[in-house]
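The values are calculated or read from the model by the stated rules, or taken from the named source; none is laboratory data. Please read these numbers as outputs of a predicted model, since none were measured by experiment. Note: ideal-geometry Cβ built from the backbone for every residue, glycine included; neighbour counts use all protein chains shown.
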Amino acid sequence: MKYKKLYIALLLISIWSFSFSQQFTNYTTDDGLPSNHIYKIAQDQKGFLWFATAKGLVKYNGNTFKVFTTKDGLANNDVWGIFPTPDNKLWYLSKSSKLGYIENDSVYGFESEQKGEIFSPIFSSQVDNSIILTGSNKFHILKDEKWHNPTDSKTEDLIRVAYVKHAKVSSFTTNTAKDSIFIRDKNKTVIEGFEFKDVLENKNVRGQITDSLFYWVNNKEYAFLNLNTLKLYRRNFKNEINIETSKYVRINLINNRLQISGSGFVGMLDTDFHITNTYYIPKELKAHFGFIDKVGSIWLSTFTNGIYHLPKEKQQVKYCLSTETVSNISYVNDKIIANVFDKGFYKYDDTKKEFVQFIAEDDYIFDASYIKALDAEYYLSKSSVIIAKNNKIEKLDFLNNVNDINDKIRQLVYHDDYFYTRFAFGMNKINPNNYSIETQYNQQGINQIFLFNQKLLVATSSGLKEFIDEEFQSIPFTNQDLNRSILNLKAVSEDDILINTDGFGAYISDLKTIKQLPGSEFQIVNNAFIEDNIIWLATESGILKYTKSNGGFSLQLVIDKNNGLSSNSVSNVIVYKNQLMASTDKGIVILPKDVKNETHLLDVYIDKATYNKRDILADYSVFKYQKNNNLNFNISHIDFSSGYDVFSYKYKLKPIQKDWVTTTTNNFSFNNLQPGKYTLHIDAGSAKKQLSFTIKPLWWQAIWVKGFMVLLSIFLIVLISRFFVKRSQFKRNQQIYQDKRLSELQLKALRFQMNPHFVFNSLSAIQYYIGENNFEASETYLVKFSKLIRQFFELSKENEISLATEISVLNNYLEIEKLRFKEKLNFTINIDEKLDKESITIPTMLLQPIVENAVNHGVFNKMDNGLITLNFVNISPLAFKVEIIDDGVGFVNTKKRTHKEVKSSNVLKDRLHFLNSSEKWNISYSKEEMYPDREDKGNKSIFIIEKNK
């Protein structure tokens, strides 16, 4: 059993040593590390990796290195010990006077209670969140921000080995010979002892690692003591991993599992403390410490060359012929053959798990194929054709000029008892008996000859052709043309073929129609392998895996350098057992067939959030509102994937954003946020985060202030509304009053026009003419009187009439008065030619009362004949002047005789007031005596009438 383990270990070491350069990613000072001298690697609760270096402490998220040095608060840059605790602190150890932890990227350091003491905690332990600084014979615990040494006592025959944090066990001690160990309880009574000479004699590391486990380890063996059961477990490296000795051996509790590491290996410990999942570190790396992270990837630290990283998905990948260019890999009969440039043909040895040289050829390699009808294998190169048959290998020399072979045979197909070969300028038909060229067919750019259902198909640089009746005929497809460079063909089924192009992807065809494989657009498809319902495309972008479903093929996986390929330029791929074998320009890669694109995304986090340049923290998340505020977020993630794909995620800021925003940028911002409570949500698939904060309103933005302002606004609106309602009501009432008053004034004017004297006098005149048997005069008088009365009644219904109508009424009225006065009264009406009598309007019955006053109070009281003159003068299109002139006794004499004002004047005054108040009219009225020095002074009334637009 031991020899078997040793053989496996040596075999694994030789394989990994041969190919380590293809697997590992190396991080050095060129990538951002402060030093290539790395002591230890650890991973905290969130998933960040921490590197203890000779020039600082490094925090790594898979993208950036964040370095902590004395500038950030460390007492010493030479940090060689780190312990992540469950409370998300990272404790750092070094030889210095101040030690502590890093929390939220802030460094905290604490001194000893003994002033000036220098710590040398080479045996320190971690129990849950507690760190015990332990030296060779002294320990410290942190209390009240000081490192305290609970007891410093020791006796002549007893030396304290270590402090133990346990309910039952208090410490371990040894005698001066160091050949046994004693366990003491809280009363310092020995409760158990063990012979421990082999462990204690050698330089060892020791410490408590959990609340119930204590361990010792040296370069040959390790031991665990269960503090609860006091059972001791001892293991040696020879039996566990077939390694006699190992330097720098350490045991760590990592992600709640025990790991053991030393020079040459790293592994996990099971429940019985046996080493499992061992990874043998290649000697060439010179790594002294190995670490397995949360997702199973391996990290190695060195003293001279930084850190090496081996992702989980690459740990099962094997590399062969890593320094060679392999142009093809294929099945030839029962062999897996690799075409190696300038080296020949290599065959895969399944027992050695490697490729060994089969046929040496120091020239350009063309093709290897098996002709079933002849039961022979043919190996073609630039300088020869080699046949392998019946376990014999023979080089055929059938052409006089060896150099011409390149122009004759690059591929060989057997059809209808003849060989068909391609060359630089066409295709040859060769007799298989004497290898003579029967016929040569010219066709430029032949890349492959392919036999399918007894049809000889030819892949050319100008499309797919079929060789029929000694001619190359293009195959027309009914749904689209394919006049593109075709590199090779593969049979998918009895009816369909796979057409691989140079830069336009892959197509499936039944030779009638073609359909492109989705996701292969613009790919250079060098070759393909078809297995059951799976198609593997070998392209310049890696391997594309297609699976058949619902009658078609869909892209399931892209395998590239992130999955372990040594190069994305894949010339061919085959499936062998449960493995994929891919030939590339950097050798052959063998990887598991069930390879997956696994993400190593552990977390997404808000690296920095600021409101107006002030940090938003969990305990500081309330800010006062500021105008033109700015909110910035910086998002980062913990991802140790080997690829360099762009990281994308979604975010939304509630409540102002309802829909997710997808982005690839690390920074985004918001401006002019109003007071309120906000929560930023980040979604990166399996990783989600959120941050809440509050923008407090200013006093005038407070809810109670806003409520008060709303109530005040409502109150003011109600007051203003009531004011305008009352004002509107007042205006309506005033308008009603004005309309009513105008109606009353119009009635009064009508009554004045139809005063009893006028009616009585008119009827008396008519009676007089009748009594005098002057029927003609009485009839004329009666007609005019009745016409005037009718006009009065008709016009009393109107608010305004045309100036022509008003003049007509006045003329009729004066005609009647002239008849009544028996020629004692004369009148004249003068109208300005510029006046448009038909379009200009005037308030109804405005002038007639004044004209009547001129007749009854002016001319009537005069002894001589009287004259009434009416003048209508144009002022503007909307304004005109009216002059009513009589040569009667005048205003003063009229007043003396009547002892009172003329009533019609008061009515006119009120009426003009309401007309002007309506804002429709602008009317002024004045009067004067014409001849103040004469007895008959005369009267003149003046109206200036303007209608507002």
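Exactly one residue among Asn277, Asn228, Asn305 is assigned to a loop (DSSP other than H, G, I, E, B) and either closer than 26 Å to Lys165 by Cα or modelled with pLDDT under 95 (or both), and that residue is Asn228. Listed conditions (1) at pLDDT 75 or above; (2) surrounded by 12 or more Cβ atoms within 10 Å (Cβ to Cβ); (3) farther than 30 Å from Ala609 by Cβ are all met by Lys688, apart from (3).
Evaluating Ile535 against the criteria (1) among the hydrophobic types (A, V, I, L, M, F, W, C); (2) surrounded by fewer than 22 Cβ atoms within 10 Å (Cβ to Cβ); (3) farther than 21 Å from Ser669 by Cα leaves one unmet condition, (2).
Taking the criterion of being part of a strand (DSSP E or B) and among the hydrophobic types (A, V, I, L, M, F, W, C), the residues of region 492-521 that qualify are Ile497, Leu498, Ile499, Ala506, Ile508, Ile514.
Which of the helices (runs of 4 or more DSSP H) contained wholly in region 836-949 include at least 1 residues that are at pLDDT below 80 and in contact with a helix residue (DSSP H, G or I) (Cβ under 8 Å, 6 or more places away or on another chain)?
Numbers: elements: 848-853, 891-898, 903-917.
Of the helices (runs of 4 or more DSSP H) lying wholly inside region 836-949, those with at least 1 residues that are at pLDDT below 80 and in contact with a helix residue (DSSP H, G or I) (Cβ under 8 Å, 6 or more places away or on another chain) span 891-898, 903-917.
When you check Arg751 against the structure, is it outside the structural domain of Glu838 (by TED's automatic domain parsing) and either at pLDDT below 80 or assigned to a helix (DSSP H, G or I) (or both), yes or no? Judged against the criteria, Arg751 is not a match.
Scanning region 148-167 for residues that are surrounded by 13 or more Cβ atoms within 10 Å (Cβ to Cβ) and charged (D, E, K, R), which turns out modelled with the lowest pLDDT? Explain how you work it out, then say what you get.
Taking region 148-167 as the starting set, the residues that turn out to be surrounded by 13 or more Cβ atoms within 10 Å (Cβ to Cβ) are 148-149, 158-166.
In the following step, the residues that additionally are charged (D, E, K, R) were identified as 160, 165.
Details: Arg160: 49, Lys165: 87.
Among those that are surrounded by 13 or more Cβ atoms within 10 Å (Cβ to Cβ) and charged (D, E, K, R), it is Arg160.
Ile590 passes every criterion in (1) buried (at least 17 other Cβ atoms within 10 Å of the Cβ); (2) assigned by TED's automatic domain parsing to the domain that holds Ala368 apart from (2).
Just one of Lys596, Lys577, Lys548, Lys586 is modelled with pLDDT under 90 and among the basic types (Lys, Arg); which is it? Break it down stepwise before answering.
Details: Lys577 fails: modelled with pLDDT under 90; Lys548 fails: modelled with pLDDT under 90; Lys586 fails: modelled with pLDDT under 90.
When all the criteria are applied, what remains is Lys596.
Taken together, the criteria place Leu673 among residues that are assigned to a loop (DSSP other than H, G, I, E, B) and closer than 30 Å to Ile638 by Cβ.
Six or more apart or on different chains, Cβ atoms under 7 Å: show the pairs whose first residue is in region 908-929 and over 21 Å from Gly858 (Cβ atoms) and touching a residue at least 12 places away in the same chain (Cβ under 8 Å) and whose second is among the basic types (Lys, Arg) and in a strand (DSSP E or B). Between residues of region 908-929 that are over 21 Å from Gly858 (Cβ atoms) and touching a residue at least 12 places away in the same chain (Cβ under 8 Å) and residues that are among the basic types (Lys, Arg) and in a strand (DSSP E or B), the close pairs are Lys920/Lys947; Trp921/Lys947.
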